[in-house]
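Derivation of every value follows stated rules applied to the coordinates shown; laboratory data play no part. Keep in mind it's a predicted model, so treat the numbers as computed, not measured. Cβ sites come from the backbone with ideal geometry, for glycine too, and all protein chains shown count toward neighbours.
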Amino acid sequence: MNNIETRIIDFISEHHIFTLATSYNNQPYTSTCFYVYIAELNMFVFTSDITTKHITDAINQPFVAGAIALETSIIGKIRGIQFTGFIKKLEKKELSEAKKAYIIRFPIALLAKTTLWGITPNYIKMTDNRLGFGKKIIWESPN
């Protein structure tokens, strides 16, 4: 699990939607995706059609960014995650494990033809104002 602090893992696991930021030819783009996080693999897993703009961008430029936010107007309760990482189409053993986790989280996915993608983060920054205004917890991959 690369020694990611428990508070980061817990926050990621409590949520199910992230904003994905991609870029290709200096043209940024964002999309919102349902995800499941597999802590043992340090991987966000989501489904998206290969023809979508964010996936075609990511195939051409696999270094992406994302954000998960807790919606609140109470400043002292603001929490969120920003991350960067590398995206790939899942295959073989990773695909099998990811599909099980994704279907447990989103059983409706059984009814759709899905292409699963994984993002392995190399940097995660968590803001948690409950620990003090603007308190940041940062994790970086040792690789």
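Structure notes:
- For L90, the residues whose amide H sits under 5 Å from its own are L116, W117, G118, ignoring neighbours fewer than 5 places away on the same chain, with H placed 1.01 Å from N.
- The chain: most fluctuating residue of F83, F18, F106 per GNM, C-alpha cutoff 10 Å: F106
- Summed residue charge, Cβ within 13 Å of T72's Cβ, Lys/Arg positive, Asp/Glu negative: +1
- The C-alpha radius of gyration of segment 1-52, expressed as a fraction of 2.2 N^0.38 Å, stands at 1.33.
- The mean sequence separation of alpha-carbon pairs under 8 Å and at least six residues apart, normalised by the residue count of the chain, gives a relative contact order of 24 percent.
- Expressed per residue, the C-alpha convex hull volume of the chain stands at 124 Å³.
- Centre-to-centre separation between the Cα atoms of segment 1-44 and those of segment 65-123: 5 Å.
- Computed from Cα atoms, the angle from the helix 92-105 axis to the main principal axis of the chain rounds to 60 degrees.
- Note on the chain: Lys pairs 8 or more places apart or on different chains, Cα atoms under 14 Å apart, count 7.
- Table column - 3J(HN,Hα) (Hz), segment 60-72, Karplus curve with 6.51, -1.76, 1.60, x for Gly and Pro: 7, 9, x, 8, 10, 9, x, 8, 10, 10, 8, 7, 7
- ³J(HN,Hα), Karplus 6.51/-1.76/1.60, whole Hz, each residue of segment 13-28, x for Gly, Pro: 6, 6, 10, 9, 10, 10, 9, 9, 10, 10, 8, 8, 6, 6, 10, x
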